[in-house]
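Here's the structure, in structure tokens; my notes come after.
Please treat every number below as a calculation from the coordinates, not as lab data. Keep in mind that what you see is a predicted model, and the values were worked out from it rather than measured. As a convention, Cβ positions derive from the backbone with ideal geometry for all residues, glycine included, and neighbour counts pool all protein chains shown.
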């Protein structure tokens, strides 16, 4: 699939945390606009950033070339005002999508963070490319709480292919989580959204994660399932004989299943909780 790549200069890089992020985070940070992983269920497809684009979601990426420079400027201003800086990276893109190998915008931001660390940084990705920056993450965690949250919606590669064919393979993500965890980085498996998985899924994650985050297409799309409905997700589940997995209570069922293998303190469900502190 051809991707339309464009360099842009952004006015700012830190956005005030709103909605589901306004639960422990002060800012979101998106090094790119657009995302080449093009997951079929992605709620950003239904947001204004895509609605006003002629190019389909997944076929364009804007590179924010001045992101690191903006970060330095903005965090210095926040520190002068004694403001907390708790960052979620990223809410509307993947900071380690394929273009990052060449552009290195996310790496530049991490380098700037070492000089001017936030109080808290959660990196949300589905890419094993993050292990390239393990050296920076290890340095950063000496002055900042760092959590790497890897999206692992399922342990079934066939489900990954159905819903996110352009995203990295599940086994590659699991391997990356293990490498990060063994290096002392706090890790989270984000089962978001819940896709059909095997009985062995909890065992796959044992020993490589500090937390498990459970989210669904009904809860996690930012509009209580309306965006997912507009994206045709109920039909995709039904067509493939998976309708039982598109139920309103799937988060409760998944939570109960994982509780058999993990402690309650390690499991968090997005429906009912403010974002908890992830200090060890």
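Annotations for the structure displayed:
- Mean projected area of the Cα convex hull of segment 199-271, taken over all directions, amounts to 5.3 nm².
- Sorting 151, 216, 65, 239 from the fewest to the most surrounding beta carbons within 10 angstrom yields 239, 65, 151, 216.
- Mean residue ellipticity at 222 nm, helices only, the chain: -8500 deg cm²/dmol; runs of at least 4 DSSP H residues each add -39,500 (n - 2.57), and the sum is divided by the number of residues.
- Percent antiparallel among DSSP beta bridges (both partners in the chain, rounded to 5): 15
- Whole-angstrom gap from segment 210-268 to segment 1-75, using each part's C-alpha centre: 24
- Simple spin-label estimate for residue 18 and residue 115 in nanometres, 7 Å along Cα-Cβ: 3.1
- Extension gain, residue 182 to residue 101: 0.36 nm times the residue separation minus the Cα-Cα distance gives 26.8 nm.
- One way to sum up the overall shape of segment 1-158 is the equivalent ellipsoid from its Cα gyration tensor, whose semi-axes run 25, 18, 16 Å, largest first.
- Shown for 182, 229: other C-beta atoms within 10 Å of each C-beta, ranked fewest to most, produce the order 182, 229.
- Gyration tensor analysis over the Cα atoms of segment 109-171 returns equivalent ellipsoid semi-axes of 29, 10, 9 Å (largest first, whole Å).
- In the chain the Cα-Cα distances spread across 10 Å bins starting at 0 as 6, 30, 38, 22, 4, 0 percent of all pairs.
- Computed extension length for residue 142-residue 172: 8.1 nm, one decimal, from 0.36 nm per residue of separation with the Cα-Cα distance subtracted.
- Fewest-first ranking of 121, 29, using other Cβ atoms within 10 Å as the exposure measure: 121, 29
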